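A quick write-up on the structure given underneath.
The values are calculated or read from the model by the stated rules, or taken from the named source; none is laboratory data. Since the structure is predicted, the reported quantities are computational estimates derived from the model, not experimental observations. Cβ atoms come from the backbone with ideal geometry, glycine included; neighbour counts cover every protein chain shown.
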Amino acid sequence: MDKIRTVCIPACENHEGFYKVNLLLNWICPICGEPRGEIKEGLSYDGSLRLNCNVWDNPCGHIDKYEDVRKEALQNGLNGANRTTKYVVNLSGGKDSTAMLLEILQRNLPVDYILFADTSKDFPQMIDHIKKLQEYIKKKYPKAPPITTIKCDKSFDYLMFEHIKTRGKNKGKRGYGWATMRNRWCTSTLKTAELDRFCKSLKCNVVNYVGIAVDEPKRLDYKIKYFKRKQFKLMKCYPLADWNMTEAAALQYCYDLGFDWGGLYKHFDRVSCWCCPLKNLKELKNLYKYYPELWQELKQMDERSFNRFRADYTVAQLDERFKRELKDGGGNDN
């Protein structure tokens, strides 16, 4: 399966230890079609000075010379003014996608659209973060595209409580209820489907930049989606993994640039929807303790849902547990 990878290589033969360029490549050997090797940090020596850049050894044995790679990049439709592919940043707003976006702009990689999917259940601090990020990009990278907000025409609450299922064993029943590990309808409907719809509307090949860190290898999915009877394709690219950036490094990267999400990462491992039932007990306890207005809304949502918030607890039961633990001086957060 073809992969799109980002590499940093010398911009010319006599790089003087300084001139380098970031390129996107189809990660297959141009000679035999086998996968290229893993990207590593290395050095290029031009006869007088050394340059830090990417290196790789192809398992097939064919050697990629930097001169040939630069020529390939000019012809593969992924780079430069003659490219035929559109580049879309999938901006969830969390630490990984934020670090990815800012580093993509810093490296001057191609970006045509920056998409943020509004589920209406993001933390208020997340919405503030998106606004702050937009102002930062506008000031530092004036040629970058603005952040485009996409939103499903059906609301989160409608889908959860009112939508009539039309197929499957629950056909005719009302509402999807709380999401589960097996049925994350909120992600698939409010985010993934909207992103796919937008990319499909571009009517060309699309590379989707996705912010997944190098220490989450199981989440890397290079499966290609096809549109318009396979006339166009949507390919995923994972720059953080290519750059060997971990989750912790991504968060620190953002902190160093002044992005702190109003303290959300002090209370939560993930800062997606505040009402997510897949949060761990420690995160839910912090929601109860530090965000009482959102907690009250969570209780109201649980009262309307046909299924339990968690297999082991309703929100009302969690409310009693957290109240008791805080009164007793802490309690087990696991």
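Out of LEU298, LEU281, I need the residue that is over 22 Å from LEU190 (Cα atoms) and surrounded by 17 or more Cβ atoms within 10 Å (Cβ to Cβ). Which one?
Numbers: LEU298 fails: over 22 Å from LEU190 (Cα atoms).
Sole residue among the options that is over 22 Å from LEU190 (Cα atoms) and surrounded by 17 or more Cβ atoms within 10 Å (Cβ to Cβ): LEU281.
Name the residue, out of ILE164, ILE150, that is touching a helix residue (DSSP H, G or I) at 6+ places or on another chain (Cβ under 7 Å) and farther than 17 Å from THR98 by Cβ.
Working: ILE164 fails: touching a helix residue (DSSP H, G or I) at 6+ places or on another chain (Cβ under 7 Å).
Among ILE164, ILE150, only ILE150 is touching a helix residue (DSSP H, G or I) at 6+ places or on another chain (Cβ under 7 Å) and farther than 17 Å from THR98 by Cβ.
Within segment 97-115, take every residue that is buried (at least 23 other Cβ atoms within 10 Å of the Cβ) and not polar (S, T, N, Q) and give me the one that is nearest to LYS200 (Cα to Cα).
Per the criteria, the residue is ILE114.
What's the number of the only condition in (1) under 24 Å from the mean Cα position of the chain (by Cα); (2) modelled with pLDDT under 95 that GLN231 fails to meet?
The failed condition is (1).
Among the residues of segment 271-286, are any more than 28 Å from the chain's Cα centre (by Cα), over 24 Å from ILE104 (Cα atoms) and free of Cβ contacts under 8 Å to residues at least 60 places away in the same chain?
So the first thing to find is which residues in segment 271-286 are more than 28 Å from the chain's Cα centre (by Cα), and the list is none.
Within segment 271-286, none of the residues are more than 28 Å from the chain's Cα centre (by Cα), over 24 Å from ILE104 (Cα atoms) and free of Cβ contacts under 8 Å to residues at least 60 places away in the same chain.
Results for (1) at pLDDT below 95; (2) under 14 Å from the mean Cα position of the chain (by Cα), shown as yes or no for each residue.
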{"residue": "THR98", "(1), (2)": "no, yes"}
{"residue": "LEU109", "(1), (2)": "yes, no"}
{"residue": "ALA117", "(1), (2)": "no, yes"}
{"residue": "ILE127", "(1), (2)": "no, no"}
{"residue": "LYS138", "(1), (2)": "no, no"}
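Identify, from the list LEU240, LEU234, the residue that is crowded, with 17+ Cβ neighbours inside 10 Å and either farther than 19 Å from ILE212 by Cα or in contact (Cβ under 8 Å) with a residue 40 or more places away in the chain (or both).
On the way: LEU234 fails: either farther than 19 Å from ILE212 by Cα or in contact (Cβ under 8 Å) with a residue 40 or more places away in the chain (or both).
Matching residue, one of LEU240, LEU234: LEU240.
Within segment 9-37, work out how many residues are surrounded by fewer than 19 Cβ atoms within 10 Å (Cβ to Cβ) and in a loop (DSSP other than H, G, I, E, B).
Of the residues in segment 9-37, 15 are surrounded by fewer than 19 Cβ atoms within 10 Å (Cβ to Cβ) and in a loop (DSSP other than H, G, I, E, B).
Can you go through LYS154, LYS203, LYS169, LYS139 and tell me which one is among the basic types (Lys, Arg) and within 19 Å of ASP118 (Cα to Cα)? Quick ask: steps written out before the conclusion?
Numbers: LYS203 fails: within 19 Å of ASP118 (Cα to Cα); LYS169 fails: within 19 Å of ASP118 (Cα to Cα); LYS139 fails: within 19 Å of ASP118 (Cα to Cα).
Being among the basic types (Lys, Arg) and within 19 Å of ASP118 (Cα to Cα) holds for just one of LYS154, LYS203, LYS169, LYS139, which is LYS154.
Answer yes or no: is there a residue in segment 250-273 that is aliphatic (A, V, I, L, M) and under 28 Å from LEU25 (Cα atoms).
To start, the set of residues in segment 250-273 that are aliphatic (A, V, I, L, M) comprises 250-251, 257, 264, 271.
From the residues that got through so far, the ones that are under 28 Å from LEU25 (Cα atoms) too are 250-251.
Looking for residues that are aliphatic (A, V, I, L, M) and under 28 Å from LEU25 (Cα atoms), one finds at least one in segment 250-273, hence yes.
In segment 38-65, what count of residues is obtained for those that are in contact (Cβ under 8 Å) with a residue 24 or more places away in the chain, within 25 Å of the chain's Cα centre (by Cα) and either assigned by TED's automatic domain parsing to the domain that holds TYR209 or in a loop (DSSP other than H, G, I, E, B) (or both)?
Total satisfying the criteria: 1.
Look through segment 38-65, keep the residues that are among the aliphatic types (A, V, I, L, M) and surrounded by 18 or more Cβ atoms within 10 Å (Cβ to Cβ), and return whichever of them is nearest to LYS3 (Cα to Cα). Write out each step before concluding.
Of segment 38-65, the ones among the aliphatic types (A, V, I, L, M) are 39, 43, 49, 51, 55, 63.
Cutting the leftovers down to surrounded by 18 or more Cβ atoms within 10 Å (Cβ to Cβ) gives us 39, 51.
Numbers: ILE39: 13, LEU51: 26 Å.
Residue satisfying both the conditions and the ranking: ILE39.
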